[in-house]
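S.K.: The structure under discussion is supplied below as structure tokens; questions concerning it will follow.
The values are calculated or read from the model by the stated rules, or taken from the named source; none is laboratory data. Being a predicted model, the structure only gives us computed values, none of them experimental. Neighbour counts run over all protein chains shown; Cβ positions are idealised from the backbone, glycine included.
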Amino acid sequence: MWTSRSRVLVVLAWGAVCAGVPASAFDGTVAGQPDAATAAALPVAAAPLSSAQALKKAVSPSTSLTALQYAAEGGHPIAQWRLGRMYANGDGVTQDDQRAFEYFSRIANAHAEDSPSAPQAAVVANAFVALGRYYLQGIPNSTIKRDAERAREMFSYAASYFGNADAQYDLARLYLKGIGAPHDVKYGARWLGLAAQKGQHEAQAMLGKMLFNGDQLPRQAARGLMWLTLARDAAQPDETWITESYNRALAKASEDDRAMALQMLEHWVQGRRD
């Protein structure tokens, strides 16, 4: 799928990211605390749209299937991405993971070395993420078999070269679980931190839960509660694990933890506005 140059780019970019991201990507302290009573129920802050959500607006839903297919055959990456999503979800067409995989593969094959600042970069990055998830599970009754190492390659490329937050989250999970990669909490937590800083709410929830509980990381209850608050605000209705994790943490948090989390949250939101 990639040229040898692409594979070199993956290794170099991935190494640079891991070497250059300090532990403070997910660590932090804030001097001073607001009145604890004001933090009894932490406020929520709207997280930015993920690249996948933003891409849903790239092609009008009213665009006909025929027009999309015509554009896709002409090599238009956004049309190919839209068709891939349609076949993956069974949206207006018969659900077909094999066809979805083929459309995502076309994008990856043709645009792997596009500039990360190119207009279609988000589409290309999301195609790599989609391919990685297919390789992670495999496609029944097809030639696409489960290949966790190949999945890691897909996530690594999108995470490092394109800086895609969803890929960074998926890659973090592989390292934290030791699937398709050595079990490495340090790398996993750093990738979670990168994704969380970009507003990836699942990464925020997982990182927050780990920090609050001291699970594989030094316990930082306030910092963990801050991430869980952000994640709760962005969680979808079916992502009950995020809401439940937040509720459990809030119930266990001390007044000092809540106050510190509130101040961290305010600083984080202000930093996003600046």
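S.K.: Can you name the helices (runs of 4 or more DSSP H) wholly within region 119-180 that have at least 2 residues being under 24 Å from residue 211 (Cβ atoms)?
M.R.: 148-160, 165-177
S.K.: Here is a follow-up. Would you be able to tell me the number of residues in region 227-272 that are of a type in the set (Lys, Arg) and closer than 16 Å to residue 196 by Cα?
M.R.: Result for region 227-272: 2.
S.K.: Just the residues that are within 27 Å of residue 179 (Cβ to Cβ), β-branched (Val, Ile, Thr) and either over 18 Å from the mean Cα position of the chain (by Cα) or outside the structural domain of residue 151 (by TED's automatic domain parsing) (or both), please, taken from region 81-139.
M.R.: 107, 139
Yes/no matrix, rows are residues, columns are (1) at pLDDT 95 or above; (2) buried (at least 24 other Cβ atoms within 10 Å of the Cβ); (3) at negative phi; (4) outside the structural domain of residue 96 (by TED's automatic domain parsing):
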residue	(1), (2), (3), (4)
167	yes, yes, yes, no
170	yes, yes, yes, no
204	yes, yes, yes, yes
207	yes, yes, yes, yes
211	yes, yes, yes, yes
216	no, no, no, yes
225	yes, yes, yes, yes
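S.K.: Anything in region 61-87 that is part of a loop (DSSP other than H, G, I, E, B) and at negative phi? List them, or say none. Quick ask: steps written out before the conclusion?
M.R.: Step one: list which residues in region 61-87 are part of a loop (DSSP other than H, G, I, E, B), which gives 61-64, 74-76.
Across region 61-87, the qualifying residues are 61, 62, 63, 64, 74, 76.
S.K.: Can I ask one more? Please specify each residue of region 243-274 satisfying the condition of being surrounded by fewer than 17 Cβ atoms within 10 Å (Cβ to Cβ), assigned to a helix (DSSP H, G or I) and of a type in the set (Ser, Thr, Tyr).
M.R.: Across region 243-274, the qualifying residue is only 243.
S.K.: Further, regarding this structure: Got a sec? Which helices (runs of 4 or more DSSP H) wholly within region 184-242 have at least 1 residues that are under 14 Å from residue 166 (Cα atoms) and under 11 Å from the mean Cα position of the chain (by Cα)? Steps first, please.
M.R.: On the way: elements: 185-197, 201-213, 221-234.
Filter on region 184-242 gives 185-197, 201-213.
S.K.: Hey, can you tell me all the residues within region 232-265 that are touching a residue at least 60 places away in the same chain (Cβ under 8 Å) and hydrophobic (A, V, I, L, M, F, W, C)?
M.R.: Residues satisfying the conditions are 234, 250, 259, 260, 261, 262, 264, 265.
S.K.: I'd like the residue in region 88-118 that is in a loop (DSSP other than H, G, I, E, B) and β-branched (Val, Ile, Thr) and, out of all such residues, is surrounded by the most Cβ atoms within 10 Å (Cβ to Cβ).
M.R.: Quick first cut of region 88-118, residues in a loop (DSSP other than H, G, I, E, B) only: 90-96, 112-118.
Pick out the ones that are also β-branched (Val, Ile, Thr) and you get 93-94.
Details: 93: 14, 94: 8.
Out of the qualifying residues, it is 93.
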